[in-house]
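Have a look at the structure below, then the notes.
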Amino acid sequence: MLMSLIRWLEILAFAVFTYDQTKSALWVASLMMLRLMPLSLFGLTLGALASHMSRRWLLIVTQAGLFATCFVLLSVSALGVIEVWHLAVASFINGIVWAGDMPLRRALMGDLAGEGRMVQAMSLDAVASNACRFIGPMLGGLLLAQGGLQAVLLCATLLYLPVLVALNGLTDSPPAHTAATKPTTRKLLQRGLHAARESRPLQSILWITILFNLFAWPALSMIPVIGRDQLQLDAQGVGLLASLDGIGSLLGALMLSCLARRLRHGPVYLGAVLLFLLLQVAFAWSSHVLLTGTILFVIGVVQAGFTVMQPTLVYSSVQADQRLDAMGLMTMCIGVAPLGFLAIGWLAVHLGAPMAALASAVTGLVVMALTWPLCRACFKHSGTHVS
């Protein structure tokens, strides 16, 4: 939760500071692109590395690296010489750590919970993450308005200390594979692709993941731009606006946790992406603060369906010995997001942020319609009901 809080605190503050300095929506989108690029570049590599080494040691080293990065930014900010490129480098470093966190943590949660409780486990994870997703932007906007970027960096630096203390208290565990069976990055990729070839539902799940990360999620990076230009909000107002989809996601995850046994996972997963794109059209057209906030709140509720069902479906669509490989492949599919962020940033420069969000949504809906037979293959998933 603390790591998630720091991440969303920084994402909002970096975006607002960057837009105030550059007046460029492309730069704002590029920061998020740099944070996501390591998912495709290093996702499988970090998974292979983690199978060779102590996970506790890796967690401590990576989080200590983020603490050092944040402390350097704080020092540069205190000297009054911080530039946007400093934030860009820090975003990329954060992305490398994020890439290693996603597949391993979710696979471990699935192993602990078991397939029958996978949705509840993912819902709990989403609740923790989304609680920080709405607190982080609000806190970031408040600190930015009151003390500037330096206050944000000071808060983030201090939050890393209890993270490191908690990690140090973990019981160390041996690597998951013996020396004779250590998987290489190439082997992990081959096994993941093999699992996808064997499972039509997995192909569908991964394809929908690609569509979401190309055409849906990048639109949220335009919130600071639309908030500043179209809605005329200050940093605190932008932070509050950006937190509303997090509040919706938190409530959505709580609802899914309660209703998990009654839902068909495939339709919820596909329906969430479809509704997100339709709401994105409304978000692009809205020019009123209250209406925009309401749309973002509902988008958050819908996004919870995608966030919870994605790892649930991936985890239970393959054999037990293929789960880590499939999770790594999922991380690579999420890694296409930088292309979506780059595209929407370029469109925002030439068409404006609202039209960029609209064009992205319409394109996503068209591609989904053209590939509908593949998209709906996730309905055939054998784990549709949780017992």
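Quick note: the coordinates plus some simple rules give every number you see, no bench work behind them. Worth saying up front: this structure is predicted, and the values here are computed from it rather than measured. All Cβ positions, even for glycine, are placed from backbone atoms using ideal geometry, and neighbour counts span all protein chains on display.
Things to note:
- Label-to-label distance, residue 363 versus residue 349, with points set 7 angstrom from Cα along the beta-carbon direction: 1.5 nm.
- Extension gain, residue 57 to residue 370, is 108.1 nm, computed as 0.36 nm per intervening residue step minus the present C-alpha separation.
- Full extension of the chain between residue 20 and residue 278 gives 89.9 nm of extra length, using 0.36 nm per residue less the Cα-Cα distance.
- For residue 20, the shell of other residues with beta-carbons less than 15 Å away shows a net charge of -1, using +1 for Lys and Arg and -1 for Asp and Glu.
- Annotation: the residues 85, 346, sorted from fewest to most other C-beta atoms within 10 Å of their own C-beta, follow the order 85, 346.
- Sorting 255, 1, 118 from the fewest to the most surrounding beta carbons within 10 angstrom yields 1, 255, 118.
- Between residue 72 and residue 164, the simple spin-label model (points 7 angstrom out along Cα→Cβ) gives 1.5 nm.
- Nitroxide proxy distance, nm - points 7 Å out along Cα→Cβ at residue 146 and residue 89: 3.0
- Segment residue 64-residue 190, length gained on full extension (0.36 nm per residue, minus Cα span): 42.1 nm
- Packing-based order for 2-10, 363-371, using average beta carbon neighbours within 10 Å, highest first: 2-10, 363-371
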